[in-house]
Every structure is written in structure tokens, then in C-alpha cells.
Amino acid sequence: MEAAAPPPPLPLLPDFNPGVRCFLDARFRSAADLATAADVEAEIRGLCAELEALVSDLSVRIYEAAAAYSSCREAAGLALRGVRDGLGALRASISTGVGEEVEVGTEKMQFEQLGALASEVARVEMVREYAETALKLDSLVGDEEDAVSSSVTRKLKSVGDNSEKTHHAVIGYLKNIEDILASVTTTRPQWACLLSAVDHRVDRSLAILRPQAIVDHRALLSSLGWPPSLAGSKFSSIDSGKQAEIVNPLFSMTGDLKSKYSESFLSLCNLQELQTRRKARQLKGHNVGNQLRQPLWVIEELVNPLSTAAQHHFSKWTDKPEFVFALSYKIIRDFVDSMDEILQPLVDKAKLIGYSCREEWISGMVMALSTYLAKERFPKQIELIQESSSGDAGCTPYQARVSWLSLVDLMISFDKRTQDLISGTGLLLTVKDDDNWQRISVLSVFCDRPDWLEVWAEIERQETLYKLKSAMESEKNWSTRNQGTMLEYGSDDYKSPVITTAIQQSLSLLIDRARPIPSIALRAEFVRMSASPIISEFLGYMLQRCQEAEGLTALADDNALLKVFESINAARYFESTLTEWCEDVFYLEMENLSVNGEGGCIFHQEINHLKEFRVEWVDKITTVILRAFDSRSRDYLKNKRQWLEKSEGPAVSRAFIESLDYMQGQLSKLEGGLNALDFVTVWRSVASGVDQLLFAGIFTGSTKISNGGVERFEGDLSVLFAVFSAWCLRPEGFFPRLSEGLGLLKVDEQQVRDGVFTDKNWLRQHGIRHLTAADTEKVIKNRVYEA
């Protein structure tokens with residue numbers, strides 16, 4: 001009996017392609033795994049049986065497609081023969097009718113037949129075009145499915161298979177299919193069923209192709225030595241000196257390995273470009289904005305294993321978050337140059353428009369760090385704050401807040417450094433909007449968790465108020481004025497107390513913390529939750545000071561008035577500061593966001609509250625001065641005889657001079673203590689009140705005024721005008737009723753008898769515009785003319 005033929009020799013290890021090697025490595029990790037060889041053989045045979053069934057299924061489908069093509073061709077042939085016969089009949093009918101008389105009814109029928117015939121020709125042409133397009137697509141899809149199937153088969157059976165070339169061939173088929181589908185979508189949108197059928201078959205192929213291409217790419221990266229080792233660096237002194245850079249396998253690629261990596265890189269890029277085109281076609285007509293943009297798959301394959309390796313180190317630094325950010329920045333910085341020099345040319349070659357490898361690399365690492373912070377760091381911070389509030393933790397609430405703020409400080413610093421890596425090269429973000437900004441900011445963790453943003457804003461508010469509380473309670477900060485706080489117009493300053501500068505600087509620092517937040521809506525929300533309550537707190541403290549001053553002395557004491565002056569000046573300064581801030585671009589971006597259903601500046605409510613507070617207390621000061629003036633002028637107004645007496649000396653009332661002296665003293669104090677704008681409001685309100693008070697007191701009732709009384713009244717008014725001439729050029733303009741009343745008193749007796757004062761034109765010509773007809777009649781009737 002002849003001996004059995006020896007089995008064929010096994011291939012050497014270098015002859016295995018990466019896919020087969022990974023398959024065997026995964027199942028035979030030790031000598032003990034050799035016992036499962038029979039199970040592995042059964043698994044492989046099962047896969048081969050599935051692939052053979054797939055090939056058989058494809059053969060059946062090809063036969064069905066050929067049969068469909070044959071039937072469509074026969075139908076098209078019959079239709080074309082029908083068109084040819086119709087055209088022949090039409091030509092025959094036209095040729096026989098030449099030179100003969102044609103009836104009107106017959107001619108009309110021929111014209112009607114031409115329209116129907118043209119429609120039929122168009123329909124047949126569309127059927128022919130549809131058949132040709134369907135057959136062409138079926139052929140291309142069949143070739144593409146065969147290529148995918150054979151690629152999978154060779155992957156399991158062949159050794160040293162060049163999968164990159166297979167992928168390029170399949171992608172070429174897919175691009176041709178997509179070109180035809182794009183043309184059909186534009187020219188024949190009614191063929192939706194054809195588009196859907198082809199898309200369904202292509203989706204099935206892509207579901208096999210993309211994972212296979214990614215597995216091959218990962219195997220190639222593994223053979224390159226990616227991810228590189230991160231061990232051996234000391235991050236505790238990240239800023240103390242230059243560290244040894246991490247070895248970059250991308251720079252060490254040479255020869256055939258570099259060529260294979262480039263081909264695999266281009267395959268994935270081309271596949272992503274194809275996928276983007278398909279999504280854009282399928283979503284055409286929908287408002288998708290920037291949603292079609294995806295991270296670069298090839299960069300994701302570099303980022304994912306490296307970030308996984310980095311998280312192994314992160315777990316050792318639970319109490320040293322600064323090391324986490326130091327390592328992350330070091331990884332980004334050490335590999336960013338290879339993105340520009342090695343990978344960017346390949347992306348450009350693949351015609352992936354709008355992608356920067358530098359930006360994608362930074363974005364990928366930043367998002368990986370953001371995910372780690374959201375899963376590991378912030379939940380522990382929230383737990384620490386909650387436990388410290390209940391007294392169960394080993395730290396105080398203050399320490400918990402400091403820990404949170406320290407983590408946020410590290411995040412803000414990290415964002416600034418990583419974004420400098422983009423802007424430092426002269427590049428800008430490919431698309432500058434919130435979505436892209438979030439991709440390069442670790443503060444994007446707050447975009448997904450607004451409740452964490454609320455915690456952050458509350459901590460910032462508490463810390464700022466804690467620092468400002470002692471400053472607001474210090475009387476020295478209220479009594480000392482700021483220097484150089486100029487008004488929008490005029491030469492005087494706001495005379496605001498030093499406390500306003502402390503509040504402004506604290507708010508500026510607080511709002512600066514919101515600037516790096518990568519969302520306009522969240523920035524606005526942070527400002528509302530942190531800065532707005534501080535402004536309200538400051539306004540409440542000013543209101544308390546004013547109410548205490550009013551309650552003790554009814555604002556009759558100089559010290560009480562001084563407290564009110566300081567609060568009004570502070571409100572005016574702060575109102576102007578907030579208004580100026582709202583003109584900055586940072587705040588203008590937030591104007592379109594609604595605040596309680598209303599648009600406008602984010603500090604709109606706070607500005608209105610400050611204005612209401614200021615107006616209220618300016619009115620109270622005015623009222624205090626007018627009441628005091630009224631009480632001091634009571635004897636002057638009650639003395640009715642003085643208006644009938646002829647004065648031998650100066651025609652001025654002594655009692656009135658005393659009242660004016662008080663009022664002038666109060667206004668002088670106001671001028672020295674109140675800001676210029678609000679002082680103008682006060683003296684004008686006082687002037688208006690004095691005008692009404694004196695007019696009503698003198699001309700109401702049965703007071704008679706002789707020539708001597710007119711002289712006295714004119715002398716009193718001249719003194720009154722002299723008091724207010726310190727603040728205006730024409731003081732009589734601010735006392736319209738008194739000035740016009742004096743003018744009426746000077747009217748000739750003859751004119752009074754003629755009744756000209758009832759003529760509206762005469763009154764208008766003599767400048768009587770503020771007095772009513774009743775007031776005019778009272779003044780004229782009280783005038784006594786001497787013989």
C-alpha cells in the first residue's frame with residue numbers, strides 16, 4: 001500500500017497578510033489555545049459556506065438582471081417599431097395630399113395626431129433612457145457587489161492580499177454609480193424608486209466595505225507601532241523645561257510601509273468623500289446646515305488608540321488634574337507638525353474639501369479629553385460639592401468650590417494654548433460657528449450639561465459676592481471718589497465712589513470667564529446667572545443705604561443727603577458702564593437671544609432698574625428742597641398787602657430773599673456732591689416746582705397787585721433769575737408761568753379795557769404760550785391800575 005502524500009507545507013509567517021495574522025493572533029494567544037483548533041476550523045468553514053452562498057445568490061441575480069434587460073430591450077424595440085410605423089403613415093398621408101384639396105376636418109385631425117405622436121415619442125424616449133440607466137446602474141452595482149464579495153473571500157483565503165487596491169477598485173465603482181445617481185436626481189427626480197433601490201444595494205455594500213477598510217487600516221497602524229508609548233515623561237514640571245518629545249511613527253515610515261499607509265489613508269479619505277456626496281444628494285432640499293460635516297475618519301483612527309492609552313495615565317492622577325491637561329497638550333503639540341507635513345497632502349489629494357488635518361487632530365484630542373472630563377472628573381466634582389454642603393465630605397464647601405474653579409481654570413488655559421496652535425500658523429477655523437468652536441474647546445462639556453454650567457455660574461457668583469461684601473460695607477469706599485470717570489459729554493466727572501470701580505472690575509473678571517464658552521446662548525446664560533444677580537445685589541445695597549438715610553432724617557441732614565448723592569452717582573456711573581458694554585461685539589452677539597421673551601441688550605433689565613432707582617431718588621431730593629422752600633416762603637405768600645404797597649427802598653421782599661438763600665445753599669451742595677447730569681435734572685425740576693408754587697401762591701385767590709406790587713414782583717423775579725443764572729444763560733425760560741405772568745401785569749390799562757388779552761393771536765405775539773385762558777384772566781383781573 002502506497003504511502004499517503006505529505007501535506008502541503010504551511011506558509012511562512014511573513015507571507016500572511018495583516019488581516020489573517022490578526023485573525024489567528026486573536027484566537028491563538030497561547031499554546032493552550034491550540035486545543036480549540038477544531039472550533040476555529042469549523043468557524044472558517046462556516047464563513048466559507050456563507051460566502052459561497054453569497055456568490056450563488058449573486059449569480060442568480062445576474063441571471064435575473066440579464067432576463068430583465070432582454071425583456072426591456074424587446075419592449076423598447078416594439079415601441080420604436082410602432083413609432084417608425086406611425087411616422088411612415090404620417091409621411092405617406094402628407095405626400096399623397098400634396099397638390100390636392102384637403103378638408104378642414106382632416107387637417108385638424110392630423111394636427112391633433114401630431115401632438116399625441118410627439119407625446120408618445122417622448123414617452124418612448126424616456127422609457128429607453130430609463131432602461132439604459134437602469135441597466136447601466138445594475139451592471140455597475142453588480143460589479144461593485146462582486147468586488148466587495150471577492151474582497152471578503154480573498155481576505156479569508158488568500159495570503160498577502162493587497163486589500164488597498166481592491167478598495168480603490170470598489171470605490172471607483174461607487175463613484176461612477178454616485179455620478180449617475182446625482183445626474184438622475186437633477187434631471188429625473190420622478191425616478192425615486194430607482195434611486196431608492198440602488199441606494200439600498202449600495203448601503204449594503206458600504207456596510208461591508210467601510211468596516212473592512214477600517215480594520216485593514218488599524219492593522220496597518222498597528223504594524224507601524226501606533227499608538228506610540230507615552231511612558232517615560234515627567235509632567236509635574238511641564239513648564240519648567242523642555243521635555244523629551246514622544247516618538248512619532250508617522251515620521252519614521254519608509255519604503256513599502258509608507259506606500260501601503262498612503263494607499264490605505266487615501267482609500268478611507270475617498271470613501272468618506274463618497275459618503276459625504278451621497279448624504280448631500282439624499283438630503284438635498286433640506287436645511288441641514290453644517291450637519292453633513294464629519295470628523296476625518298483617518299484622524300479618528302489615530303486619535304482613538306492614543307487617547308485610550310493616555311487615559312491609562314489619567315487614572316493615576318486623580319488628585320493632579322494639571323498633569324492630565326499637560327499630557328494632553330503635549331500629545332497634541334508633539335504630533336501636530338506631522339499632520340501638516342505628512343497627512344495634509346494626502347487629504348488634498350483625496351479632494352476632501354474644507355478639511356485641515358491640524359484642526360482635525362486638535363479637535364479629536366480635545367473631544368477625547370472632553371469626554372474623559374464629562375465621564376470621570378465632573379461627576380466627582382458634583383458629588384464633592386453635594387457632600388460638602390451636607391457635611392458628609394472631608395472638605396468644606398469653600399474647598400469644594402476652589403477645587404471646581406481650579407479645574408475650570410485649567411480648562412480655560414488649555415483651550416487658549418490649543419487654539420493658539422491653530423491661529424499661530426495663520427490658519428483660521430474652516431467654519432467659524434458654535435458647532436466648530438465646540439470641537440476645539442474642552443469647555444464644550446457645559447454645552448451638553450447646562451446644569452453643570454449653572455453650578456459653575458453659582459460658584460463664580462458666590463466667590464465674587466464674598467469678595468465684594470466687605471468692600472460694600474466699608475464706608476471709606478463710598479466716601480472716596482473715583483478720579484477721571486468722564487461723562488459722555490461735559491467736562492465734569494461722575495463723582496462716583498470707589499466702590500463702583502471695585503464692582504466693575506469684579507464683573508469684568510467674571511464676564512471674562514464666560515468669553516471662552518463655545519456657545520453664544522450659554523455665554524448669555526452664564527452672564528445672566530452670575531453677573532446679573534451681583535448687579536441686583538449692589539442695587540439693593542444702594543437702596544438700603546438711601547432708605548436708612550431717609551428713615552433717620554427725612555433727608556434733611558447733610559450726611560443723609562451725602563449718602564443719597566453717593567448712591568445716585570454710583571447708579572449713574574454703573575448705568576453708563578453697562579450701556580457702554582452693551583455696544584461691544586461680545587454683547588451684541590447676545591442681543592438676538594430673548595430674555596424673558598424680549599430682545600435687546602443682555603443688561604437691559606439691570607440698566608432700567610438702575611435708571612428707575614436714580615430717577616426715584618432724584619425726585620425725592622427735589623421734593624425735599626421744594627417742601628423746605630414752600631415752608632420758608634409761606635409768610636411771603638400770605639402777605640397780600642405787599643402787592644398794593646409802594647416800596648420806598650429796593651423793590652425786593654426780604655422774606656423771599658431768605659427763602660432763595662436756603663434754596664441756593666441746597667443747590668450749591670447738590671452741585672458739589674451730585675454728578676453733573678443728575679444735578680441738571682434736579683435744578684430744572686426745582687425751577688419748575690418753584691415756578692408752579694409761586695404762580696399758584698401769588699395769583700390764586702383775590703390778591704390785588706398795584707404798580708408798586710408789579711415793581712416788587714419784578715424785583716423778586718430778578719433775584720430768583722440771578723440765583724439760577726449760575727447754571728443757565730436764560731433762567732427766565734425755566735420759569736415760564738412767572739415770566740408770562742409778569743408780562744401780563746405790565747399790559748397797559750387801555751389794552752385791558754379793550755379786552756385784547758382774550759385774543760389768542762395777541763397772546764401768542766406777546767409770548768404767552770404756557771398760561772391757559774383761565775390763568776390769563778386771573779392775572780388781568782388781579783391787576784389794579786392807579787389813577
Completion exercise
If each K or R counts +1 and each D or E counts -1, the residues other than GLN344 whose Cβ falls under 11 Å of its Cβ total -4
Practice task
Please turn the phi angles of segment 203-216 into ³J(HN,Hα) values with the Karplus equation 6.51 cos²θ - 1.76 cosθ + 1.60 (θ = phi - 60°), one per residue in order, whole Hz, x for glycine and proline.
Solution key: 4, 5, 5, 5, 5, 8, 5, 5, x, 5, 5, 5, 4, 4
Exercise for the section: Please state, as a whole number in µm²/s, the translational diffusion coefficient that the Stokes-Einstein equation yields for segment 174-232 at 37 °C and 0.692 mPa s, with Rh defined as the Kirkwood radius across alpha carbon pairs. Expected result: 229 µm²/s
Handout entry: Charge-dipole axis of segment 637-713 as Lys and Arg at +1 and Asp and Glu at -1 on Cβ define it, positive-most pick from LEU660, ALA676, LEU644
Key = LEU644
Problem - Whole-Hz couplings from phi, Karplus 6.51/-1.76/1.60, listed for segment 175-183; x for Gly and Pro - result: 5, 4, 4, 5, 4, 5, 5, 5, 5
Fill in the blank from the handout: Largest first and rounded to whole Å, the semi-axes √(5λ) derived from the alpha carbon gyration tensor of segment 625-683 read 30, 12, 8
Exercise for the section: Calculate, for VAL40 and THR276, the FRET efficiency according to 1/(1 + (r/R0)^6) with r their C-beta to C-beta distance and R0 41 Å; round to the nearest 0.05. Expected result: 0.55
Problem - Those GluC sites (Glu not before Pro) in segment 607-711 that DSSP places in a loop and that have at most 16 other beta carbons within 10 Å - result: GLU645, GLU648
Handout entry: Contour excess over end-to-end distance, with Cα ends at THR187 and ALA32 and 0.36 nm allotted per residue
Key = 49.5 nm
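List the trypsin sites (Lys or Arg not before Pro) in segment 701-743 that DSSP assigns to loop (not H, G, I, E or B) and whose Cβ has at most 15 other Cβ atoms within 10 Å. Which are they?
In loop regions of segment 701-743 (DSSP not H, G, I, E or B), the sparsely surrounded trypsin sites (Lys or Arg not before Pro) are LYS704.
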Exercise for the section: Output the pairs from LYS746/LYS778; LYS638/LYS669; LYS469/LYS611; LYS380/LYS469 with a Cα-Cα distance over 20 Å in this structure; if there are none, say none. Expected result: LYS638/LYS669; LYS469/LYS611; LYS380/LYS469
Fill in the blank from the handout: For segment 264-271, in residue order, the Karplus 3J(HN,Hα) values (coefficients 6.51, -1.76, 1.60; θ = phi - 60°; whole Hz; Gly and Pro = x) are 5, 4, 5, 4, 5, 5, 5, 5
Problem - Solvent accessible area, Å² - THR254, 1.4 Å probe, full protein context - result: 100 Å²
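The values are calculated or read from the model by the stated rules, or taken from the named source; none is laboratory data. Keep in mind it's a predicted model, so treat the numbers as computed, not measured. Every residue, glycine among them, receives a Cβ derived from its backbone with ideal geometry; neighbour counts consider all protein chains shown. Just the protein is used for accessible areas: all its heavy atoms, side chains included, with ligands, DNA and RNA removed. Shrake-Rupley method; radii C 1.70, N 1.55, O 1.52, S 1.80 Å.
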